[in-house]
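The structure appears below as structure tokens.
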Amino acid sequence: MTHDAALANSPHPYDLLTPDTILDAMEAAGYTVSGRLFALNSYENRVYQVGLEDAPPVIAKFYRPGRWSEAAIREEHTFSRELVEADIPVVAPLTMPSGDTLGQHGDFLFTVFPQRGGQAPDVSVTDTLYRLGQWLGRLQNVGASTPFQHRPPMNLLDGIEQNNQLLLEGDWIPQDLRPAWDSLIPDLIQASAAAIDAAGPVEELRLHGDCHAGNILCRDEQMLLVDLDDCRTGPAIQDMWLLLNGEDHERGAQLGELLEGYEMFREFNRRERHLIEPLRCYRQISHCAWLAKRWDDPAFPRFFPWFAQPRFWSDQVLALREQLAALQAPSISLPGQF
């Protein structure tokens, strides 16, 4: 039986998140809703623009049941409020009329944000990277002030192994590609371990966790960091490397520009650049495992149909071979560094 056939008649928690349920949840939290509801692009959680009577619309996020504990979600909210209090431009949850930032309706935990517009920054512009570096330095000063208690740290090697095991146990990799896949994974782990050793001891702190250009809004020369859903404990470089692109020398120059702004507010351990390729490897395999774990959600086969096709997995084998070469190559150099 195929994955799609096995899941065809399986109920999913989000099947219960009907428009009436969403509006009822908002009303129970103290909002006077107009009945206007617009679904926004989001797969891990469900996010909606909700119209209010005599007030601008707000954004309601309904957390995926079972993903985070209530305590872990509240840590996200606490971190967001700390950042706002430090004058760092983050879109933080609103305190609802009920008096809390977190609501519950049936099995769903939800929060509400102000509606903010903008577009992703052009990270090819050096001034943009410099300004982002300044904000990240200040954000990570706040992140270093106290640890998370309920959110997991980034454990790269264990994460690669565990996510690979999930894919194997789910029989996701086509049999004709298994020999290539199975030979790559140990080499990727070994090369990642060598790069982690080259970095040496690094400080771990609370992070945004998923700081790419799509999670930054720019409008009228202002920047806003959004979506701390993946905030967790890890190395500082995690909040930087997703902003880099291009060839090695281009990424090195971009990182140098970020750090010029960052180090106005916080010292950076330059050896953390050795972690970029292990982090990229972890993200590649974690993304595949994420899709596999979410395949019972009807939205995923609909929006990611290619995941269950052999072509996707042959492309992944090629991408992981390229990643192995990147892991075995020298780490990117910063301007003036050899």
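Karplus-based coupling profile of region 149-156, in residue order and whole Hz: 10, 10, 10, x, x, 7, 10, 5, with θ = phi - 60° in 6.51 cos²θ - 1.76 cosθ + 1.60 and x standing for Gly or Pro.
Proximity of backbone amide H atoms, modeled 1.01 Å from N, is registered between residue 34 and 51, 52, 53 at under 5 Å, excluding neighbours fewer than 5 places apart on the same chain. Farthest towards the positive end of the charge dipole of region 70-144, among the residues 141, 72, 113, is the Cα of 141, using unit charges on the Cβ of Lys, Arg, Asp and Glu. A 1.4 Å probe over all protein chains sorts 158, 230 by accessible area into 158, 230, starting with the largest.
Surface analysis of region 224-338 yields an accessible area of 45 Å² per residue, using protein heavy atoms and a 1.4 Å probe.
Shape class of region 173-226 from the alpha-carbon gyration tensor: oblate, with a/c at 1.5 or above and b/c at least as large as a/b.
Restricting region 172-237 to GluC sites (Glu not before Pro) that sit in a DSSP loop and have at most 14 other Cβ atoms within 10 Å of their own Cβ leaves 203, 221.
Considering only protein heavy atoms and a 1.4 Å probe, what is the carbon-and-sulfur percentage of the accessible area of the chain? Of all accessible area on the chain, carbon and sulfur atoms account for 50 percent. What's the longest uninterrupted piece of the chain once you rule out the trypsin sites (Lys or Arg not before Pro) that are loop residues per DSSP with at most 15 other Cβ within 10 Å? That would be 117-338.
Rg of the Cα atoms in region 261-338, relative to 2.2 N^0.38 Å, amounts to 1.52. Name the shape class, rounded, prolate or oblate, that the alpha-carbon gyration tensor gives for region 182-338, where a ≥ b ≥ c are the square roots of its eigenvalues, rounded holds for a/c under 1.5, and otherwise prolate holds if a/b is larger than b/c and oblate otherwise. In terms of gyration-tensor shape, oblate. Restricting region 27-97 to GluC sites (Glu not before Pro) that sit in a DSSP loop and have at most 13 other Cβ atoms within 10 Å of their own Cβ leaves 53. So for the chain, what percent of the C-alpha to C-alpha distances run longer than 33 Å? Result for the distance tail: 33 percent. The spread of Cα positions in region 1-128, taken along each principal axis and listed from longest to shortest, comes to 54, 40, 30 Å. The dipole here belongs to the chain: it is taken about the Cα centre, uses +1 on the Cβ of Lys and Arg and -1 on the Cβ of Asp and Glu, and is about 100 debye. FRET efficiency for residue 176 and residue 55, Cβ-Cβ distance as r, R0 = 51 Å, nearest 0.05? Between residue 176 and residue 55 the formula returns 0.35. How would you classify region 97-150 from its alpha-carbon gyration tensor, with a ≥ b ≥ c the square roots of the eigenvalues: rounded for a/c under 1.5, else prolate if a/b is greater than b/c, otherwise oblate? Because a/c hits 1.5 or more and a/b fails to exceed b/c, region 97-150 counts as oblate. If you sort 211, 218 by accessible surface, 1.4 Å probe, largest first, the order is 218, 211. Between residue 328 and residue 78, the simple label model (points 7 Å from Cα in the Cβ direction) yields a spacing of 4.6 nm. A full extension of the chain between residue 24 and residue 270 corresponds to an added length of 83.5 nm, given 0.36 nm per residue minus the alpha carbon distance. Our estimate of slack between residue 194 and residue 32, defined as 0.36 nm per intervening residue step minus the Cα-Cα distance, is 52.7 nm. Net charge dipole, region 104-179: roughly 520 debye, given to the nearest 20, about the Cα centre with Cβ charges of +1 for Lys and Arg and -1 for Asp and Glu. Translational diffusion of region 250-294, estimated by Stokes-Einstein from the Kirkwood radius over alpha carbon pairs at 37 °C in a medium of 0.692 mPa s, is 262 µm² per second. On the basis of the beta-carbon distance and an R0 of 45 Å, residue 98 and residue 144 show a calculated FRET efficiency of 0.90. Pick from 33, 112, 90: which residue has the top mean-square fluctuation in a GNM of the chain where Cα pairs under 10 Å get a spring? Result for the chain, Cα springs under 10 Å: 33 fluctuates most. Remark: accessible surface ordering of 77, 105, 249 (largest first) is 249, 105, 77, probe radius 1.4 Å.
The values are calculated or read from the model by the stated rules, or taken from the named source; none is laboratory data. In this text the structure is predicted, and so the values were computed from the model without any measurement. Backbone-built Cβ (ideal geometry, glycine too); neighbour counts: all protein chains shown. All accessible areas refer to the heavy atoms of the entire protein, side chains included, with ligands and DNA or RNA removed. Shrake-Rupley method; radii C 1.70, N 1.55, O 1.52, S 1.80 Å.
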